[in-house]
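So the structure is just underneath, and the comments pick up after that.
The values are calculated or read from the model by the stated rules, or taken from the named source; none is laboratory data. Small disclaimer: the values here were computed from a predicted structure and weren't measured. As a convention, Cβ positions derive from the backbone with ideal geometry for all residues, glycine included, and neighbour counts pool all protein chains shown. For accessibility, only protein heavy atoms count, side chains too; no ligands or nucleic acids. Shrake-Rupley method; radii C 1.70, N 1.55, O 1.52, S 1.80 Å.
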Amino acid sequence: MSDATDGTADITALPGDGLWSDEAEWNLDEFGDALEPGEVERVPEVAIVGRPNVGKSTLVNRVLGRREAVVEDIPGVTRDRVSYAASWSGRRFNVVDTGGWEPDAKGLQQAVAAQAEQAMRTADVIVLVVDATVGATTTDEAVARTLRRSKTPVILVANKIDSEKQEAEAASLWSLGLGEPQPVSAAHGRGAGDLLDVILDRLPQTPREDAPRIGGPRRVALVGKPNVGKSSLLNKLAGSQRSVVDNVAGTTVDPVDELIELDGRTWQFVDTAGLRRKVRTASGHEYYASLRTRSALDAAEVAILLIDASEPVTEQDLRVLSMVIESGRSLVIAFNKWDLVDEDRRYQLDKEIDRDLARVPWAGRVNVSAMTGRAVQKLVPALESALQSWDKRISTGPLNNWLKDVIAANPPPLRGGRQPRVMFATQAAVRPPTFVLFTTGFLEAGYRRFLERRLREEFNFNGSPVRINVRVRDKRERRKR
Ligand code: GDP
Ligand code: GDP
């Protein structure tokens, strides 16, 4: 009945069916308030971190009380972050099981650290799971070191304590410097209730807010395949400017981030620790790089995608681009190493841009050289304009006036002899701007692209993705009800 695909589906709970019945009766103002974003209740998040095989999935299943998080037994299989809804003593929270990785990769320590850093940024409580029968390994120690700086509460779980006589093994984990180890047997349930009590005790009353702090620094991620010059650009930005700010009053900055002042404004570059920490090992490298990219995008509001302008655009560049698109973040593309670009290469690059970057005609583009410093200052206005678009809200009145005119001039093509009507549009969310069109029939891809192009022309969303959902009202189905 609807071809809406993303998470905005809840706004189908529109007030009063009558609003649908007759165009003449629409009252635009009635929609406005009901559709404010942020009405979705935010549930606190508990992140489970730890190295492979300590029993994280088993613990997640235990917390959920059902076998939902499938325990992965196949080596080398990578899982993504999965979030499950849980509750205990009447309180609801989400449990996030941060993916797996190649267990034999040399980049294991980095991967676990990245996982912990991600949790420090997004979770409300972090649960570090350690296999008490093995004791603290160097990887456990490294991740504990990271987590000791965490402002988010950390609970240390000594897992695989299947019987009372093993409790002494749990006590040895005091050495990790994360307070009292909670002895648990995820497999048998021993200690699970006590652990849940401790988790509830540490959960904040209100979950942390992802929305940008008003007046605080905006968050930027530097992404791109290895060797495009991300750390060089970071150094240039941090170094060429007068001050690298350590501390801005009233803001909390994750230890993995860096505040850099550019043009009199402070920017928060996220996960610079991960950027500077180079992993050049064979097998885990690619996977670690993509984990880092995803985590940085999660934390950021705008991405600078670096592309090496001196070399042909590659598959790997496009993979990173896809991750940016999926993240819904605003985007500036920096063509780096411009000092190496000659006339011929420039001509080639233009062709590659037409072919490979056609998906993001809206992204701002700047040609820079992290080495010489060429044009790096032009990144700032590009970032600002991208964020402005990302934050932009078009009120329902002007939006529908525009829509009416566009559709009158270019009505949707017939489908099966019927003319779909676009009855109403509203912007359901910002960051990125997300629109919902209510129609009486399916809109073809070509017509959607046309509408998006016109929407962008009219309201200017340069630098930001725009999402459009189409809600089709199915008359037959409604009559049956
Ligand atoms: P993950 O990689 O951290 O998610 O670990 P898993 O949940 O996949 O568990 C790894 C292995 O440890 C599996 O064979 C589990 O059956 C086992 N395991 C997990 N929890 C316990 C426990 O409390 N006691 C014992 N004896 N084994 C456990
Ligand atoms: P990262 O892996 O993306 O962080 O890339 P790096 O910053 O480590 O840079 C990779 C290599 O490219 C280094 O040898 C840099 O010196 C070089 N490099 C970075 N930016 C430029 C540039 O603008 N021009 C030139 N010629 N070389 C660059």
Quiz prompt | Virtual spin-label span in nm between residue 344 and residue 421, 7 Å along Cα→Cβ | solution = 6.1 nm
Practice problem: Using the Karplus curve 6.51 cos²θ - 1.76 cosθ + 1.60 with θ = phi - 60°, work out ³J(HN,Hα) for each residue of the stretch 438-450 in order, rounded to whole Hz, and write x for Gly and Pro. | Solution: 9, 10, 9, x, 5, 9, 5, 3, x, 6, 5, 4, 4
Exercise. Roll a 1.4 Å probe over the protein chains and send me the accessible area per residue for the stretch 319-440 in Å².
Key: 47 Å²
Practice problem: First compute the accessible area of the stretch 158-203 with a 1.4 Å probe, then give the percent of it belonging to carbon and sulfur atoms. | Solution: 47 percent
Quiz prompt | Per-pair calculated FRET efficiency, R0 = 41 Å: residue 375 and residue 452 via Cβ, rounded to 0.05 | solution = 0.90
Quiz item: Amide H of residue 262: which non-local residues (sequence gap of 5 or more, or other chain) have their own amide H closer than 5 Å, using H built in the peptide plane?
Solution: 267
Quiz item: Quick one: if the Förster radius is 45 Å, what FRET efficiency do residue 137 and residue 467 give, using the C-beta to C-beta distance and rounding to 0.05?
Solution: 0.55
Quiz prompt | Mean Cβ count within 10 Å, highest first, over the residues of peptides 111-117, 43-49 | solution = 111-117, 43-49
Exercise. Name the residue farthest towards the positive end of the dipole of the stretch 326-369 from the options 360, 338, 348, assuming +1 on Cβ of Lys and Arg, -1 on Cβ of Asp and Glu, about the Cα centre.
Key: 360
Exercise. Report, by chain and number, residues whose modeled amide H sits under 5 Å from the one on residue 435, excluding near sequence neighbours (fewer than 5 apart, same chain).
Key: 428, 467, 468, 469
Quiz prompt | Protein accessible area in the stretch 277-425, 1.4 Å probe - carbon and sulfur % | solution = 50 percent
Quiz item: Which links in 236/392; 151/392; 337/392; 236/378 stretch past 23 Å when you go from one Cα to the other?
Solution: 236/392; 151/392; 337/392
Quiz item: Can you pull the Rg over Rh of the stretch 348-481, Cα-only, Kirkwood?
Solution: 1.09
Practice problem: List the residues of the stretch 344-367 whose backbone N lies under 15 Å from a point placed 7 Å from the Cα of residue 322 along the Cα-to-Cβ direction. | Solution: 356-360
